[in-house]
Structure formats: structure tokens, C-alpha cells
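Below is one structure, written out as C-alpha cells; comments come after it.
The values are calculated or read from the model by the stated rules, or taken from the named source; none is laboratory data. This one's a predicted model, so the numbers in the text were calculated from it and none came from an experiment. Methodologically, a virtual Cβ is constructed for each residue, glycine included, from the backbone with ideal geometry; neighbour enumeration extends over all protein chains shown. Just the protein is used for accessible areas: all its heavy atoms, side chains included, with ligands, DNA and RNA removed. Shrake-Rupley method; radii C 1.70, N 1.55, O 1.52, S 1.80 Å.
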Amino acid sequence: MSSEAEFIPLAIPVTGALEAKYLLECVETNFVSTVGPFTTRFEGLVAEACGAPHAVATSTGTTGLHAALMTIGVGRDDLVIMPSFTFIASANSVAHCGATPWLMDVRAEDWLLDLDQVEREIAASAYRHRDGRLIHKATGRRVAAIMPVYTLGTCTDLEAQRALAARHNLPIVADAAAALGATWRGRPFAEGADLSVISFNGNKIATCGGGGIILGHDEAMMKLARHLTTTARTAADYSFDMVGYNYRITNVQAAIGCAQMERLEGFVAAKRAIRARYDAALAGIPGISMFPNHANEGSACWFSGIVVDDPKLPAPAELSRRLREHRIEARTFWKPAHLQTPYALAPRADLPVTEALWARVLTLPCSTDLSEAQQARVIAALREVLH
Ligand SMILES: *Cc1c(COP(=O)(O)O)cnc(C)c1O
């Protein structure tokens, strides 16, 4: 392919006339900061789309996760059970609370937190203190919450997840960063956790430019989330009753978010169609396999791509380099938390699936406006660079 060929990016926002209209409204009304009508509207649109009665918008997904963990009561020296195979922001949000991740494996079949392993690890490595707290034996720390990650926008069996948490009296804060539009057997994903957090970063299902949202069921809890994210102000006379955070979203971000939410169905349909086309075109190639496919169980199909199984084939980093020569952006995927400097010493279970998987993943272009012709170019180029 010549160097003049159009560059095909991995996953970029898709904006247009509706976003422009709402942004202009912000400027014309001068509501460009944290006050303005789009924020409330945005929270309502997301809450309704995700089956949650309450929503609190935040500046990013990461600040949303941090605030959600604080809201649920995660604090200094606690442990939070979570998969090692995730974007670093999940672990960082735990660390921002002064807590430490207790890293577990994912299942080979869906890349989601291995709930059976969580059960076994709790049984083997924790005990219930007389005061009711669940204590991790090796560190003496309290286990404060479970943070499942809805990898690739796929949620887990929500009932199994809630049953596990209930057996151990643990709250669930779900990292649903890329799960906007996802369901489990027709049920909205927000039903699976006490609090769920979506990211509206530029590479997610829908964007605010940057932004996040906390979804929840309990009104008092969500009031606390609102309080914590808005500097914990109690009155207009500069009175505050906690160490609060300025994690508010701006009206400008929310304006983009409202426009994107009105287009959500189209975005999710596009993501699923892209996944289905890659699967149909690439599944037969020897030595590779496709991403776990749960579109029929309601995955939002955030990213698409391949897993390079045969070690004789070029590794994902090399495929990425070769595809760049075709003016196509394809990337390696999450390096797990236990291999990252800040979490190298975090307690962890055996991680055989994560260890075997992470370095073999290659993500392929999947922006929601990817045309069939562009995707055909990606498929042809991938076939070429694999050999
Ligand atoms: C994107 C992402 C986040 C962080 O969201 P930001 O809005 O970028 O702060 C957290 N967890 C996962 C799994 C993500 O993919």
C-alpha cells in the first residue's frame, strides 16, 4: 500500500453536527464550566440507558472509579479484589484510596474476573474476623470490595457476581469503563454492582472528550458520591465537612456526552458489526484466534482484534509495526497490573490465563465510523503481514 494511503486509526471519537450544535449552545449561553443544564441531562440519559436509578458524572473514568471506591468505604490499607488483566487506571483508583489491589486471574473464555478463583482465594487466604471484617491472612488487611472489570465491554454473569459478593458481604464497584450499551441476558449491566463506573474518554464506546459517570441504586450512597466529587461543600459560605474532590464534569464535556448518548444505539451496532466482520474474515486463519465473542449476550464489543496463538507467527508488537507501514494503527493490549512497577508487590493469586494471554493480543481499528472498505483494507493488510 502506498504511503499516501489514508491512515486508519485504532479507535477515535465520531462527532458531528449534533455535538457542534450542543457545544455552540454552551458558548452562546456562556455555560462552559461546571454549572449548566447539559450535566443533569447527561446523567439522566446515561442512567436510563444503563438501568440505574441514579448517576453522578465525573471529570474522567478514573476519578469516577476513585470516588466510587471512596463512596463504598474503601480506605487506607484495605485490599480490593480485582483482575490483574486490566487498564492501569483500575488499579490506580484503588491506590488513590490508599488501598492495594488483590490481583486475580481472568477466565480464558471471556477475559473476565474468574469468580471461581475469587471464591477459592477467599476460602484459602482470608478469614472472617469477630468484628465482621474479612481479613487477608498474609497481610492482615481488610478486604473491602470487589472490582470486576467488564473487559471489551462484556459484562459477566451479573447474578453469579452478586451472589459471590453477598456470600462474603463485600460491595461491588464495577469498572464498566467500556460497557456502555452492554447487557447480560437482556438485563442492564448496572444491576450487577452496587456502583458501576463508565468512562467517556475518546477511545471508549461514546465520548465527552473526557469524562466519566458513576451509576448506582442507593440514593443515600449516590448523594455521598455527589458530595465527594463536588468538594464536599455543605453551604455557599465556603463550608465543607470532608476532604472532598473537584471531580465534576463541565457543561462542555456533558454537551458532547448528550449528543453521543442520542447516537448510542448506532455506536453499539457499529461496534458489533465491526466485530462480526473481523470474525467472519479472519477466524479461519491458522495460528490465530478471535476475541471472545459475546455479542449475542449483549457485549458492547468495545475493541476488536486477534490473539496470536502460534509462537512462530510474528508477535503483536511486530504486527503493529508492519501494519503501520500500511498506514493502519493496530496495537498491543493491556500489560497486566502485576507486571507494572507500582503493583509488582501487590498480593496476587496464580495468574496463568493472564500470563499466557496479554502479550498475544492485537487490537484492530474499530472506530464506529470505520467503513466496510476501510475494514477490508485492514483485513487484507493483516493477512499479508501475518506471513
Ligand atoms: C478507559 C479505562 C479506564 C479509565 O477511564 P478514563 O476516562 O480514561 O480515566 C479505566 N478502566 C478501564 C478498563 C478502561 O478501559
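Numerical summary
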{"quantity": "Relative contact order (%) - criterion: Cα under 8 Å, at least six apart; region: region 61-146", "calculated": "30"}
{"quantity": "Peptides ranked, highest mean first, by Cβ atoms within 10 Å: ranges 70-76, 268-274", "calculated": "268-274, 70-76"}
{"quantity": "Packing-based order for 126-132, 363-369, using average beta carbon neighbours within 10 Å, highest first", "calculated": "363-369, 126-132"}
{"quantity": "Alpha-carbon centroid distance for the pair region 336-364 / region 1-71, whole angstrom", "calculated": "30"}
{"quantity": "Fluctuation leader among Ala315, Ala176, Ala344 - the chain, Gaussian network, Cα springs under 10 angstrom", "calculated": "Ala344"}
{"quantity": "For region 55-117, alpha-carbon Rg relative to the globular expectation (2.2 N^0.38 Å, N residues)", "calculated": "1.16"}
{"quantity": "Table column - 3J(HN,Hα) (Hz), region 228-241, Karplus curve with 6.51, -1.76, 1.60, x for Gly and Pro", "calculated": "5, 8, 10, 6, 6, 7, 10, 7, 6, 8, 6, 9, 9, 10"}
{"quantity": "Placed amide H near Ser304: partners under 5 Å, 5+ positions off or other chain", "calculated": "Leu364"}
{"quantity": "P(r) histogram, all alpha-carbon pairs of the chain included - 20 Å bins from 0, percent", "calculated": "28, 56, 15, 0"}
{"quantity": "Cα Rg, Dmax, region 47-206, angstrom units", "calculated": "14.7, 47"}
{"quantity": "Shape box of region 205-250 [Cα atoms, principal axes, largest first, Å]", "calculated": "39, 25, 15"}
{"quantity": "Under the Debye formula (equal points on every Cα, no solvent term), log10 I(q)/I(0) of region 326-387 at q = 0.19 Å⁻¹", "calculated": "-0.79"}
{"quantity": "Loop chymotrypsin sites (Phe, Trp or Tyr not before Pro), region 226-257 (other Cβ atoms within 10 Å of the site Cβ: 16 or fewer; DSSP)", "calculated": "Tyr238"}
{"quantity": "Alpha carbon convex hull of region 280-387, volume per residue in cubic angstrom", "calculated": "141"}
{"quantity": "Under Karplus coefficients 6.51, -1.76 and 1.60, residue-wise ³J(HN,Hα) of region 54-62 in Hz, glycine/proline x", "calculated": "9, 9, 10, 7, 9, 5, 8, x, 5"}
{"quantity": "Volume in Å³ per residue [convex hull over Cα atoms, computed for region 1-131]", "calculated": "223"}
{"quantity": "Rounded accessible area per residue of region 226-355, 1.4 Å, Å²", "calculated": "47"}
{"quantity": "Length-normalised contact order of region 1-136 in % [C-alpha pairs under 8 Å, at least 6 apart]", "calculated": "13"}
{"quantity": "Amide proton proximity set for Asp114, modelled H, under 5 Å, gap of 5+", "calculated": "Asp105, Val106, Arg107"}
{"quantity": "Karplus (6.51, -1.76, 1.60) ³J(HN,Hα), θ = phi - 60°, over region 181-193, in Hz, Gly and Pro reported as x", "calculated": "x, 8, 9, 10, 6, x, 8, x, 5, 5, 6, x, 8"}
{"quantity": "Region 270-387, relative contact order [Cα under 8 Å, separation at least 6], %", "calculated": "32"}
{"quantity": "Among beta bridges that DSSP assigns inside the chain, antiparallel share in %, nearest 5", "calculated": "65"}
{"quantity": "With at most 13 neighbouring Cβ atoms within 10 Å, loop GluC sites (Glu not before Pro) (DSSP) excluded, longest segment of the chain", "calculated": "110-387"}
